[in-house]
Each structure stands twice: as structure tokens, then as C-alpha cells.
Amino acid sequence: MKTLICEICQQPIATFDPDKVRLPLEPGMFEPLEVGMQPPFHHSLGVFDFRCGWCQKLPFVAEFNTAEDVDPEKFPARLKTRDGYFSLRFGITIPPLDLKCQYCCKEYKQEYWLRKHEERCPKK
């Protein structure tokens, strides 16, 4: 079992079996974090209605402007887990990038800012 992490607030919100989850996503593919808790998503919801129990936002980051721009049969392409991103297309976990300056070990969230920093790092 893997733990689903909200891409907005970074909180754990559900668990899922990588062998059973596939597109299109359905609420029944996700289990509560602990026994006895409510299911994370109501059984009648579609993928665009899934909400994080912490921040109340759609827990998947998408690269589109509106829900009409994407086919619900192909959204989302990945799920954030504690181990990195689980690709729904390929059924594998993609480990997170290690975005640290090679000179001073300062961490960055985006590769662009890391490269900018490394160009001018005082420990270079």
C-alpha cells in the first residue's frame, strides 16, 4: 500500500494499492489512512470532485486551465506518495528529484532556481 499525499498542502490523505489503481480514478480505489476512519472520497464523486480532507482542494496538480481541457479518463497522470510520484500510466514510482546545490547543499523546489543559485554560489 502507498500513501496518497495532497500536492497542495502536502498532507497524507489516503492509501491505495498500486496494483489496483488505474485510470479513470474511482473513490473505491482509495482507503482511509487508518482502520475505522471515513473513506477519503465519497463513493458518488468523480475525479474532479475529489477533495483533500485538510485543505479542501483538488489533491492533484494539473497542467490545464479548466476541467473541460482534460479528459477525465486520463487525469491525473500521477499521484504523489511518500516515495515520489506514482505514474498511473506506467505503474511505477518515480523518485523525487534531489534539488540540492552541489557546493553548499541548499535545497530548492524548482530546478530553475537551483541552477541560478549554483551559477553564483559563494562556496563555488
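The values are calculated or read from the model by the stated rules, or taken from the named source; none is laboratory data. Note that the structure is predicted; figures quoted are calculated from it, not measured. Cβ: placed from backbone, ideal geometry, glycine included. Neighbour counts: every protein chain shown.
Could you list, in sequence order, the residues of the stretch 28-44 that are touching a helix residue (DSSP H, G or I) at 6+ places or on another chain (Cβ under 9 Å) and either surrounded by 14 or more Cβ atoms within 10 Å (Cβ to Cβ) or not assigned by TED's automatic domain parsing to the domain that holds Glu7 (or both)? I'd like the intermediate steps shown before the answer.
Of all residues in the stretch 28-44, those touching a helix residue (DSSP H, G or I) at 6+ places or on another chain (Cβ under 9 Å) come to 39-44.
Hits for the stretch 28-44 are Pro40, Phe41.
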TODO: Please go through the stretch 11-46 and pick out each residue that is of a type in the set (Val, Ile, Thr) and under 20 Å from Phe75 (Cβ atoms).
DONE: Ile13, Val21
Task: Residue, farthest from Arg89 (Cα to Cα), within the stretch 11-58, restricted to residues that are out of contact with any Phe, Trp or Tyr (no Cβ under 9 Å at 6 or more places or on another chain) and of a type in the set (S, T, N, Q) - done: Gln38
Task: Test: Phe86 is assigned to a loop (DSSP other than H, G, I, E, B), within 18 Å of Ala14 (Cα to Cα) and either outside the structural domain of Asp19 (by TED's automatic domain parsing) or in contact (Cβ under 8 Å) with a residue 24 or more places away in the chain (or both) - done: no
TODO: Within the stretch 6-54, count every residue that is out of contact with any Cys (no Cβ under 9 Å at 6 or more places or on another chain), modelled with pLDDT under 95 and among the β-branched types (Val, Ile, Thr).
DONE: 3
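Give the residue, chosen from Lys74, Lys109, Lys57, that is assigned to a loop (DSSP other than H, G, I, E, B), farther than 13 Å from Leu4 by Cα, at pLDDT 90 or above and of a type in the set (Lys, Arg).
Details: Lys74 fails: at pLDDT 90 or above; Lys109 fails: at pLDDT 90 or above.
The match here is Lys57.
If you scan the stretch 1-25, which residues turn out to be exposed (fewer than 15 other Cβ atoms within 10 Å of the Cβ) and either out of contact with any Ser or Thr (no Cβ under 6 Å at 6 or more places or on another chain) or not aliphatic (A, V, I, L, M) (or both)?
Keep residues of the stretch 1-25 that are exposed (fewer than 15 other Cβ atoms within 10 Å of the Cβ), which gives 1, 9-11, 17, 19-20, 22, 24.
Matches in the stretch 1-25: Cys9, Gln10, Gln11, Asp17, Asp19, Lys20, Arg22, Pro24.
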